[in-house]
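Values quoted throughout were computed directly from the atomic coordinates according to the rules given, and no laboratory measurement underlies them. Bear in mind the structure is a predicted one, so any value in this text is a computation, not a measurement.
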């Protein structure tokens, strides 16, 4: 099962240092029945992209909680064994978290398939989105527009061999 793990650049640096994406349980995103219902598509690539988008939003939440982290969303795509990740029975169909799964095992960074990261030119919009996130969650339409502005930036794809260079970014 492909899962998308939301991180920040410091989180990616820590994973690089320890060799682990995380020790279970930790949150990630995947194509789940809840995501399929929310996204309303049968196209596998579209559903994978939707799961990546949900992980990017979770990365934005991590940035909002860590003012010192560089303002770039980070998502690591990794394949885990079937049964290693599952939607919780209380969260599976939750519209607030479509695609959210709990990864129950320790995942070596060496199992990562790719890293997705904002380009440098996204920093301004990601910064504004992180600042506006709480107000957007409370229903503020202007704040939601700022959050949506981060989504206007596609996350770039990087090979896992590039992680040492990525964590050196500021």
**Message:** Of the candidates 50, 69, 130, which one comes out as most mobile in a Gaussian network treatment of the chain with C-alpha springs shorter than 10 Å?
**Reply:** 69
**Asked** Who wins for biggest fluctuation among 86, 146, 135 in a Gaussian network model of the chain, springs between alpha carbons below 10 Å?
**Response** 135
**Request:** For Cα extents along the principal axes in Å, several values are listed as (i) 114, 27, 26; (ii) 54, 44, 31; (iii) 40, 38, 26; flag the one computed from this structure.
**Result:** (iii)
**Message:** Compute a Gaussian network model of the chain, connecting alpha carbons closer than 10 Å, and tell me which residue from 19, 99, 83 fluctuates the most.
**Reply:** 83
